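Following: one structure in structure tokens, then a few remarks.
The values are calculated or read from the model by the stated rules, or taken from the named source; none is laboratory data. Everything numeric in this text was worked out from a predicted model, so none of it was measured. Cβ sites come from the backbone with ideal geometry, for glycine too, and all protein chains shown count toward neighbours.
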Amino acid sequence: MDNLNALTKRLMEIREERRELKTRDKELSEEFDALSGEVLAIMEEMGVEATRSEHASVSISIQQMPQVKDWDAFYRYVGKNNAFYLLQKRVSSKAWAEQLELEGDIPGTEPFEKRSINLRAR
């Protein structure tokens with residue numbers, strides 16, 4: 001029992017540390033994005049694609065990203081052209097479970113049980 005107590009104590013400590021890190025990471029990420037936006041605005045105002053300061057070299061990177069305006073049209077294109085590589089390969093667990101309950105087996109999938117523990121502070 002002492003081992004279980006020690007293990008659950010450490011689990012609680014780790015969980016709390018991870019929560020603090022996630023909060024701090026979110027704060028830092030938001031600050032980073034805001035500062036990056038300021039740097040980008042300054043560089044655009046200067047009319048430069050790259051520059052450097054005492055601390056870093058900075059360059060503007062441009063990447064085209066997809067923005068779906070009509071999902072039905074997009075899915076039709078994917079199906080018609082067998083272009084499933086355009087989609088990320090991940091199944092929604094909740095939707096899969098609901099569909100499984102409604103219709104039974106879903107081709108190409110099989111359930112597996114992921115075992116984990118629930119941890120609550122006392």
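Give me the pairs: first residue in segment 60-87 and more than 24 Å from Glu38 (Cα to Cα), second residue among the β-branched types (Val, Ile, Thr) and surrounded by 10 or more Cβ atoms within 10 Å (Cβ to Cβ), beta-carbon distance under 8 Å, and six or more apart or on different chains, which are they?
Once the first residue is more than 24 Å from Glu38 (Cα to Cα) and sits in segment 60-87, its partners that are among the β-branched types (Val, Ile, Thr) and surrounded by 10 or more Cβ atoms within 10 Å (Cβ to Cβ) give Phe84/Val78; Leu86/Val78; Leu87/Val78.
Quick one: which residue in Ile117, Ile62, Ile42, Ile106 is modelled with pLDDT of 95 or more and among the β-branched types (Val, Ile, Thr)? Let's see the steps before the verdict.
Values: Ile117 fails: modelled with pLDDT of 95 or more; Ile62 fails: modelled with pLDDT of 95 or more; Ile106 fails: modelled with pLDDT of 95 or more.
Going through Ile117, Ile62, Ile42, Ile106 in turn, the sole match is Ile42.
Out of curiosity, is Ile14 out of contact with any helix residue (DSSP H, G or I) (no Cβ under 9 Å at 6 or more places or on another chain) and outside any helix (DSSP H, G or I)?
Details: out of contact with any helix residue (DSSP H, G or I) (no Cβ under 9 Å at 6 or more places or on another chain): yes; outside any helix (DSSP H, G or I): no.
Here the answer is no, as Ile14 does not meet what is asked.
Residue by residue, here is whether (1) loosely packed, with under 10 Cβ neighbours inside 10 Å; (2) of a type in the set (A, V, I, L, M, F, W, C); (3) part of a helix (DSSP H, G or I) holds:
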{"site": "His55", "(1), (2), (3)": "yes, no, no"}
{"site": "Pro66", "(1), (2), (3)": "yes, no, no"}
{"site": "Arg76", "(1), (2), (3)": "no, no, yes"}
{"site": "Trp96", "(1), (2), (3)": "no, yes, yes"}
{"site": "Gln99", "(1), (2), (3)": "no, no, yes"}
{"site": "Glu113", "(1), (2), (3)": "yes, no, no"}
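Take the residues in segment 32-53 that are part of a helix (DSSP H, G or I) and among the β-branched types (Val, Ile, Thr), then tell me which one is nearest to Leu119 (Cα to Cα). If you could, list the steps in order and put the result at the bottom.
Applying the first criterion (part of a helix (DSSP H, G or I)) to segment 32-53 yields 32-46.
Going one step further and asking which of them are among the β-branched types (Val, Ile, Thr), we end up with 39, 42.
Numbers: Val39: 43, Ile42: 48 Å.
Taking the candidates together, the pick is Val39.
Within segment 21-31, does at least one residue satisfy the condition of being charged (D, E, K, R) and assigned to a loop (DSSP other than H, G, I, E, B)? Steps first, please.
Quick first cut of segment 21-31, residues charged (D, E, K, R) only: 22, 24-27, 30-31.
Imposing the further condition that a residue be assigned to a loop (DSSP other than H, G, I, E, B) reduces the set to none.
The answer is no; no qualifying residue exists.
Only one of Ile106, Ile117 is surrounded by fewer than 11 Cβ atoms within 10 Å (Cβ to Cβ) and among the β-branched types (Val, Ile, Thr); which?
Sole residue among the options that is surrounded by fewer than 11 Cβ atoms within 10 Å (Cβ to Cβ) and among the β-branched types (Val, Ile, Thr): Ile117.
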